[in-house]
Structures are given as structure tokens and as C-alpha cells.
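Beneath this line is the structure, given in C-alpha cells, with notes to follow.
The values are calculated or read from the model by the stated rules, or taken from the named source; none is laboratory data. Bear in mind that the values here come from a model prediction, so they are computed numbers and not experimental data. No Cβ is skipped: glycine too gets one built from the backbone with ideal geometry, and neighbour counts run over all protein chains shown.
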Amino acid sequence: MSGDRRAGRGRTVGLVVLGIVLAVLAVAPGLVGGDPEPGVGMEDQGVGTCHDYPTVEEYYSPSDTRPPVPCTEPHLAETIAVRELPADVASRDQRPSLEAMQRLGPSLDCSYADVVAYLGSDDENPHWFVTTQVRFPTEQEWADGERRFRCDAFTAVTTGIDRPIRRGSLRDVMERPESAAVRPCLAGPEIVPCSRPHDSEVVGGEAPPAGPERTRFAERVCPEAVAAFLGDEGEDLVAAVHDTAGGRAFCVATIRSGDPLLEGTHAVQAGGASS
Amino acid sequence: MIGSHRRYAVALGLVVLLVALARMLVPEAIGLSDQGDAHRLTCQLGLEVDVAWRDRITPEVSSTAYVPFQWERHTWYGETCGANGTGQPYRSSQITLLRAAQLVTPVLGFDAALDLRALAVVCSVLLAGLASLLYLALPGRPALRMVTVGLVVLALLDRRVAGVFASGYSEPAALLGLLAVVVASLFVLRRRVATLPGLVALAGTGAFTLTSKSQMVGVLPLIVLALVWRPSRAPDQPSWPIRWQRTWFLGWARARAAGLVLSLVLVVLTASYLGSQPPRFEEVNRHNQLFHTLLALDDQPEEDLAWFGLDPALAPLSGTNITGNAELVGSPAYEPVADIDQGDILRFYAAHPGRLALLARRGLDAAAASDPSAYLASYGRDSGEPPHTFENRIWLWSALFEIADAVPAVLLVVVFGSLFVTVQVVRRTDDPEVEGPALVAAGVALSAVLSFWVAVLGDGTVELARHLIIADVLVAWCVPFAIAARFGARRPRPELALPPDVATKVRVDPAASAPPADDPVTVAPVTVGAAARYNAGDAAEPVPGAASFDELFERFVANDPDGPEPGRGWKVRRWRRTPPDPAGDLEAAVADPPPRPSPPVAADAPRPPRPPLPSRTPRRLAADVAPSSAAAEPVAPEHDPSEEPSATDGDADHDWLQLSPDDFLAALRTRSTPSPHPTDDPGGPHP
């Protein structure tokens, strides 16, 4: 009988232990979870580092510690400046809320002028398809005293079904043929990167509205700008003012009627004529 | 019968498994598309959705328009894995189910790091197992049990709900956990004395459920109640200090020590879990509750904001979610909103009861919505279905909600009707076999109410219909569990169990007189003076603390019937109500406790009808003990409890209680059969 009693107690204890083990196995993974990798902090992501965001979540995150990639590999963004946050923001013990950061971003010193300076563009050699995005320190970095933000430039053109990746650095890119990816061209009324088939390449600024100014722009300003833009290599192209799908007009260097479409840039700044 | 119950349970589990698998996977897999919440769980497993970057931001082909079944490996860094765009981790026991699905994905031949169809398989297997256990835990005949299990399972496989079992949301853990809690509660509450394994199972399933999502905190009080409702050890253990036995609370607490300890663990775990919730959730829920819900319930946002001490300039935020107006939400005027807590919200509703009533009405409308997830989808992109298409394979309970969509009060009728029925059952019986299922059914109804209010007051009216899915399931469950509690009481009585010492004296094998091993029956009156955790498993061995029959008898007589120990008091009351004629109704006195005493009735007043529960069925005492003499015994007259002495009839009680042990045994041996009591057992006396 005592053996039966021991067996009964053993069975009870066994069931209890089994229950506890199962409960721990069922609950613990949920409580522990899996934490993301810490990645690379702000201090190691200086000017000139390139960043890839394979997922939408990474693209929209207010901070970024994903390790930088070489700029020769596919990437979305490139850091063009790292600056201190304004004093009233930097003085806070806690990082601002998501909405406050969202509100703060456009007011920070990370603008078109920074992109112009980094790419080497100007009025005659404008850049398109590049915009800026601010990355804040993570909450942990903020707690550790980091108060700088990252000003990133990224290409805003999607390619196929994939994310808007590019290769190569944007630093002084306007002086290289690869600048075709950020130079504006026209395929009919649509503005496309010059790296895609096109019939015209945008030169200089936007044409004024219809009227005497427009006429003067078309007859004098635009041809001079195109000549300077093409240098000696542009005898196959002619200056014109083209209207775009958005109701705007630009001075362009366009192909003659019947000529094949172009790819790449003809800007002399970028090294001359492409195909 | 026991073997057949097990066979039925296994067969039922297999049927549920096949139905669930077919329902989820054939002819093409269904699930629930992702509105963005899945990432916070799947990212913890190092997974990303296998949908092209551009498709994700294209509404017609996004993960919201089609179910993203495939997930691939990905390494997340920094704050990219967390709640709503933050790095704040979101914990849930759903991770366990997702990990299991991740493990079986390659086994099932799916070509992904995680395929949500594997999660559907995992959930189907768990559902089948729980259905089998539920069958075993329910009272009543097989047909009733099967109907009950079927209705419970169909509520989970209904088109309103089933999609979550192939999704990245945390609802599967909550729903399956709730079902497991119900099963464990039945096993615990259907015994007069809870077993330690049963309590551990209840606490474990409770922990799994409570950590599935913060909304489940509403069921914590009910799980704690279930843990401490039954004593987990005999209250009259001789080893106890006398002073403990004489102090009611200490005796109560001591008898429930295991349940109390496990309750404490659950409370601490739940508090810790709630404390670990992402602060971002708190921000979002506060905004939703305040601006999207509370202000929008009336057209005086400036006054309401002033009530909270907030800047009236925030009035344009009325009716918006937190991302709706980042300019204003990110402004300095919004910063004091962080000081508003749930207590302030509740105080506002207390001061504005009309607003609370309006909120309840909105919640009821949302709970009754016929299509709570209509903006999502059920099919994968390969199915060929248009985007945002919802399946309609099983719609039994959806039919109820279609009616409720037109008349939301139907849900109130279902919940409070089932609560009324189950409370009536509880009031009319002390038999744990009857009382336990009724308590569980009442708990399901209360859980529906609590889940409703936690969702309404926690998330506000943002996506409220979808947040009320769990409350909807509990509403649906009210019906089958109320049916099981009400009609499961009419079950064939199990064989009479005798205490080992009594059985030895009458030369009956104690094991043979024990209730079936898989039928959690506790025949309480036979625990006279012995440890109360006498059940099938313990029948073959002496109960710890049990004394000889003479000792028991003396202790029994000496005990104060209204003494401090609830269990003892109950037992004594049973014996005190027993008629003084032992030969006339000994059987009922031993194993068939009469209902609670009726209120005093005047001599000329009409006799009140006998409460129908629990049903009276014949005992097998005579057949077991003295089959040869039993057949010759005359049929005893109908036992009428209204003729029983009331609890205050002390003289009659003492006459009976002063029987000697030998007289007692003699009465046992000469007991007649068949029983004079009406029976529901169609088979009559058992062989």
C-alpha cells in the first residue's frame, strides 16, 4: 500500500512538474521574445556612408542603426551631413515623440541646398529625383547623450517592383555620367531620369508662364543655356521649351524629329555625350 | 462508458482536426491579411513579409489587400522591430505559436522561413486537442457533450474569427488560451477538492492567455476566482494547529494555499506583463480614448478638453487617430496629454454617465457588427480572388451576429440570459458535478462582459469591431456552455464510491466502488470525516489523514455543523438533512445530497415544487453490496425532500447521527433496489 501511495504521490508530483514545465515553455518565449540587433550607432555613420533599407519598416523608422553598405552596392540613402539638433530639442531628457519628430524633421537643417552642395548641381545642371530624410538617434542613443541627427539624401524613383535603389555615391555625382540617374529628362510629356529612354534633357530652370518673358526665354536664354550645357558635343540636339504633364515648361535639349531616343546625359559637366 | 468517453473524445478531436484543417486550407488557404500589426510579432522571430517593397505600398496588392502567407528571414536592427514604429518590444505568448509554426513550416513542405498555413495547422491541432479535453471535462451524455464542443469549436472556426489562425496577430493565443482555461476550470471546479495538477494546469493556461495580449487582463479576476474557489486540501487535516482550524479565514486560506500561491504568481506575472507593454501603446490608446472616442461622443470638444485641463486648441483632433494630424499631435500644446491616465478617463465617464452609456452603445454596435474585419482580406494573392475579399465558409455564429447587427440587444439577451440560467443552476445545487460547469459557464458570460469593457475603455472606438472579436467569441460560447451547465446536470449518476475503510468493512473492493478514473466525479458525502479529495484516482488508496470508521464517526458527530470549515459544514449539513429512517433512504443520505432547504412553509400552504437540479438518479449501492438480497427488497416510497427535516431539526439529526457503526453497515447491507428516486438513466441499474 505504501508503494501505491508513493506511486500516487509520484504521479501527482510528475503531473505538477510537467504542468509547470509546459507553462514555462508556453509563456516564456512570448515574454522573452527576440530583440533586434543593436547595429551601428550615429557616430559610425558619418558623411558619405550609404544605407540600404530592404523593408518598408526600416525605411519609415525614425532612426537607423542598420550597418552601412558600400556605396558601390545597391542602396537607398547616403548621409550628406551630420549635425547637432536645435538646443531646445537637445535639452530634453527624453527623445521627442514620433509625431514631434515628424513635425521637427522639415524644420531641421537638411534641405535642398545641402543636396546641391553634395551633388555639385547648379541652375544649369539641375538635379532631380533626390530628396532628403532626417534620422534621429535611437532612444538608447539619446539616453547615452547623442544629440545629433543624420541628413540623408535618397533617390526617390522606384525601379520596377523593387525599392528605389541606386549604386555609387552621390558626392559630386553631377560631374560623372552616373548623374544621368538624377538628371531630369523628358519622355514625351513625362519627366524621367536621364538614365531611362528619353527624347529631351532638361537644361536650366523652369520656363516662365506664357507671355513676353516666355518668348524671350525661348529665343535667347534657353538656346544659350543648351549650348553651354552641351558644349561641343551637342550638335545633334536643339534647344526648345517643352511643356510637361504637370503643366510646367522647361528648357530642354531635344532630339530632332525622327532621331532615336536617348539614354544617359549629354551634359558636358558629366563628361560629354551619351548614346 | 469510460472507455467509450475516451474513444468519443479521440474521435471528436480527429473530426475537429479534419474540419479545422479543411476549413483553413481547402480548396485554398484562408487567413487574415495584415494591417501592419503582424510585424511587431514576426520581427521578433527574425522574419519579414515576403512581399515586394513596391507592392507593400500599393493598396491593391498590399499585405492588407491579400494575406501574406510567406515570411522570409531578415535581420532587424535598432528600433525597426517594435510597436508602431518604435523599438519598444511587444511581448505576447503568440510568439510561442509562431515559433511552433516556424518549426513545422519546412516539415509541411512550405517554401518559406514561416508559412502562416503552418500556423493554421498548429492551431488546428491545438484546437482538436482542446476539443477532446473539453469533451472529457464537460458533464452530461455524449450527445450533449458533442453538441457543446461542436458549438464552441464552430465559434472559433466561424468566418468572423477563423482567419486569425493564419495571421500574425496575437488573437490565436488569446482564443486558444481562453479555451484551455475553460477546460482547466472545468477539471478544477467539477471536483469538490481541487487537485494540484489541475490548479497548475489552470494557472499555466491562465498565464498563457493573460500574456497573449493586454486586453486579456479582463479575465484575470475570474481565473483567480477559479483557482481559489475550491479547497485544494482537506480542511480538517489532523496536522493542522487547532487555532488555524478555528479561525475561519486562516482555515479558508490554508485549504486554498496552492490556489492562492498560484493566483499570486498570476497577478504578479500579469502586472509585470502589463508593465512591459510598449509605452507607445499607451500613447496611442490614450489618444484614441481621449480624442477619437471621448471627444467625438459629443460636440463640445473645447469644454471636454478644459475638463481635463488641456488646451482647447487641440479640439481639431476630435475624431482623429494619433497619426491623423502630426502637426498638432507633435506640437507643445499636446505635451500635457501625456499626463492623462486611465483614471482620469474613468473619472470623466463617472462624471458624464450619459457619455459612458453612449460609449457602451457604440461598443455594442461594434460587437454586433456583422463584418468586423471587412477592410481586411481572407485570401492570398495567388488565390485569384479580388483584393479585400472575405471568405464565407462557416457562418453559423455569424448568423447570430447578423441578427445582432440589426438588434444589438440580442447580444445582451444571450450573455445575461446564459448568466441567469447558470446562476440558477449554481443556486440550486452543491454538487460540484453540476455546480462546476455552471460556474464555468457563468465565468464565460462574465468574461464576455469584462473583455467588452476592457476593449472599449482600452482601445476606444478605433477598429473597435475588430478589437471585440474575443468578446464576440465569448458571447457565442455563452450559449453552449449554458446549455451544458443546464442540461449536463441530467446525467446518469456514477457508481457509488465508498470510503476505503467502509468498503473494507462491507468487504467490497474499494477500487471497484470507486468512480471511473476519467470521470472527475467526487461523491462528497462519502468523505465523511476523511480527506475531501477523495475521487477516482485516490479511491484505491487510503486518503491521507483518514481515520478509522469509529474515529470518523465520533469526529463527525462532535463537529459543529456550522463550524468554521466550509467543506466540513457542507458535509454535516448533508447528513443533518437526511431523514431519520436509515433503511428508508440511506442511499440518498450517503451519496445523493438533497437540495438546499426550502424556506419555511406553512402547514396548510401548497408544497413548493422540487427544484429540478440536480436530477436524482438511482444509486448502485444495493446492487454492488448485496445483489442477492436487493432484488427481494420492496420498493421504498418516493423520497420527498420537502418532508425532510430542515436544517434546524436538530433532534431528528441527532437520532440519525447516533447510529452505531454496526447499525450503519447493517443498513448499507440491507439497502433496497431499485432506487425510489426518479431517474434519468434509461438503462436502469447498472450490471
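Taking only segment A:159-177 into account, find how many residues are assigned to a loop (DSSP other than H, G, I, E, B) and either at pLDDT 85 or above or closer than 20 Å to A:Q45 by Cα (or both).
Of the residues in that region, 8 qualify.
This table checks each residue for (1) buried (at least 19 other Cβ atoms within 10 Å of the Cβ); (2) of a type in the set (D, E, K, R).
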{"position": "A:P197", "(1), (2)": "no, no"}
{"position": "A:E201", "(1), (2)": "yes, yes"}
{"position": "A:E213", "(1), (2)": "no, yes"}
{"position": "A:E224", "(1), (2)": "no, yes"}
{"position": "A:D232", "(1), (2)": "no, yes"}
{"position": "A:E263", "(1), (2)": "no, yes"}
{"position": "A:G271", "(1), (2)": "no, no"}
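In this structure, is A:E37 among the acidic types (D, E), within 7 Å of chain B (Cβ to nearest Cβ) and surrounded by fewer than 17 Cβ atoms within 10 Å (Cβ to Cβ)? Before the answer, list the steps.
Numbers: among the acidic types (D, E): yes; within 7 Å of chain B (Cβ to nearest Cβ): yes; surrounded by fewer than 17 Cβ atoms within 10 Å (Cβ to Cβ): yes.
Yes: the conditions hold for A:E37.
Working only within segment B:143-169, note down all residues that are of a type in the set (S, T, N, Q) and more than 16 Å from the chain's Cα centre (by Cα).
Across segment B:143-169, the qualifying residue is only B:S167.
Condition first: over 20 Å from B:H74 (Cβ atoms) and either surrounded by 20 or more Cβ atoms within 10 Å (Cβ to Cβ) or among the basic types (K, R) (or both). Now tell me which residues in segment A:46-86 satisfy that.
A:T49, A:E78, A:T79, A:I80, A:A81, A:R83, A:L85
Might you check whether a residue that is part of a helix (DSSP H, G or I), of a type in the set (S, T, N, Q) and crowded, with 20+ Cβ neighbours inside 10 Å occurs anywhere in segment B:424-433? It would help to see each step written out before you state the result.
Going residue by residue through segment B:424-433, those that are part of a helix (DSSP H, G or I) are B:424-427, B:432-433.
Add one more test, that the residue is of a type in the set (S, T, N, Q), and what stays is B:424.
Within this subset, residues satisfying the condition of being crowded, with 20+ Cβ neighbours inside 10 Å are none.
No, segment B:424-433 has no match at all.
Collect the residues in segment A:31-58 that are under 23 Å from A:V116 (Cα atoms) and not small (G, A, S), keeping them in residue-number order.
Result: A:Q45, A:V47, A:T49, A:C50, A:H51, A:D52.
Taking the stated definitions as given, is B:A296 within 21 Å of the chain's Cα centre (by Cα), part of a helix (DSSP H, G or I) and in contact (Cβ under 8 Å) with a residue 40 or more places away in the chain?
Working: within 21 Å of the chain's Cα centre (by Cα): no; part of a helix (DSSP H, G or I): yes; in contact (Cβ under 8 Å) with a residue 40 or more places away in the chain: yes.
Here the answer is no, as B:A296 does not meet what is asked.
Looking at segment B:46-102 only, could you name the residues that are without any contact (Cβ under 8 Å) to a residue 12 or more places away in the chain and among the β-branched types (V, I, T)?
B:I57, B:T58
Given the criterion of a type outside the set (F, W, Y) and touching a residue at least 24 places away in the same chain (Cβ under 8 Å), identify the matching residue among A:G211, A:G204.
From the options A:G211, A:G204, the qualifying one is A:G204.
From A:D109, A:D64, A:D114, A:D93, which residue is within 30 Å of A:V203 (Cα to Cα) and part of a loop (DSSP other than H, G, I, E, B)?
None of the others qualify; the one that does is A:D109.
Say we look at segment B:13-54 and pick out the residues that are surrounded by fewer than 19 Cβ atoms within 10 Å (Cβ to Cβ) and within 14 Å of another protein chain (Cβ to nearest Cβ); which of these is nearest to the chain's Cα centre (by Cα)?
So the residue we want is B:D37.
Within segment A:18-33, which residues are within 9 Å of another protein chain (Cβ to nearest Cβ) and surrounded by fewer than 17 Cβ atoms within 10 Å (Cβ to Cβ)? Spell out how you get there, then give the answer.
We begin by selecting, within segment A:18-33, every residue within 9 Å of another protein chain (Cβ to nearest Cβ); these are A:18-20, A:22-33.
Across segment A:18-33, the qualifying residues are A:L18, A:I20, A:L22, A:V24, A:L25, A:A28, A:V32.
In segment A:67-88, what residues are within 14 Å of chain B (Cβ to nearest Cβ) and in a loop (DSSP other than H, G, I, E, B)?
Correct list: A:P67, A:P68, A:P74, A:L76, A:P86.
Restricted to segment A:117-158, and to residues that are in contact with a Lys or Arg (Cβ under 8 Å, 6 or more places away or on another chain) and assigned to a strand (DSSP E or B), which residue is farthest from A:E84 (Cα to Cα)?
Taking the candidates together, the pick is A:T155.
Conditions tested, residue by residue: (1) modelled with pLDDT under 95; (2) in a helix (DSSP H, G or I); (3) of a type in the set (A, V, I, L, M).
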| site | (1), (2), (3) |
| --- | --- |
| B:Q237 | yes, no, no |
| B:W240 | yes, no, no |
| B:Q245 | yes, yes, no |
| B:G251 | yes, yes, no |
| B:V261 | no, yes, yes |
| B:V265 | no, yes, yes |
| B:A271 | no, yes, yes |
| B:V284 | yes, yes, yes |
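Which one of these is of a type outside the set (A, V, I, L, M), under 21 Å from B:Q277 (Cβ atoms) and either in a helix (DSSP H, G or I) or at pLDDT below 95 (or both): B:G198, B:G177, B:G204?
Result: B:G177 is the single residue among B:G198, B:G177, B:G204 that is of a type outside the set (A, V, I, L, M), under 21 Å from B:Q277 (Cβ atoms) and either in a helix (DSSP H, G or I) or at pLDDT below 95 (or both).
Look at segment B:207-235 and say how many of its residues are within 14 Å of another protein chain (Cβ to nearest Cβ) and assigned to a helix (DSSP H, G or I).
Total meeting the criteria: 8.
Counting just the residues of segment A:89-110 that are over 21 Å from the mean Cα position of the chain (by Cα) and more than 11 Å from chain B (Cβ to nearest Cβ), which one comes out nearest to B:N325 (Cα to Cα)?
The qualifying residue nearest to B:N325 (Cα to Cα) is A:V89.
Take B:G3 and tell me if it is part of a helix (DSSP H, G or I), small (G, A, S) and touching a residue at least 60 places away in the same chain (Cβ under 8 Å).
For B:G3, the condition - part of a helix (DSSP H, G or I), small (G, A, S) and touching a residue at least 60 places away in the same chain (Cβ under 8 Å) - is not met.
Kindly indicate the residue of segment B:320-377 that is within 19 Å of B:D459 (Cα to Cα) and acidic (D, E) and also nearest to the other protein chains (Cβ to nearest Cβ) among those meeting that condition.
Result: B:D339.
For segment A:40-66, which residues satisfy the criterion of being more than 26 Å from A:F129 (Cα to Cα), in contact (Cβ under 8 Å) with a residue 60 or more places away in the chain and either more than 13 Å from chain B (Cβ to nearest Cβ) or aliphatic (A, V, I, L, M) (or both)?
A:E43
When residues of segment B:66-89 are filtered for being aromatic (F, W, Y) and either at the interface with chain A (Cβ under 8 Å from one of its Cβ atoms) or in a strand (DSSP E or B) (or both), how many remain?
Of segment B:66-89, the ones aromatic (F, W, Y) are B:66, B:69, B:71, B:76-77.
Cutting the leftovers down to either at the interface with chain A (Cβ under 8 Å from one of its Cβ atoms) or in a strand (DSSP E or B) (or both) gives us B:71, B:76-77.
So the answer is 3.
Here is a list: A:A245, A:A225, A:A181. Which entry is farther than 30 Å from A:V69 by Cα, assigned to a helix (DSSP H, G or I), touching a strand residue (DSSP E or B) at 6+ places or on another chain (Cβ under 8 Å) and of a type in the set (A, V, I, L, M)?
A:A225
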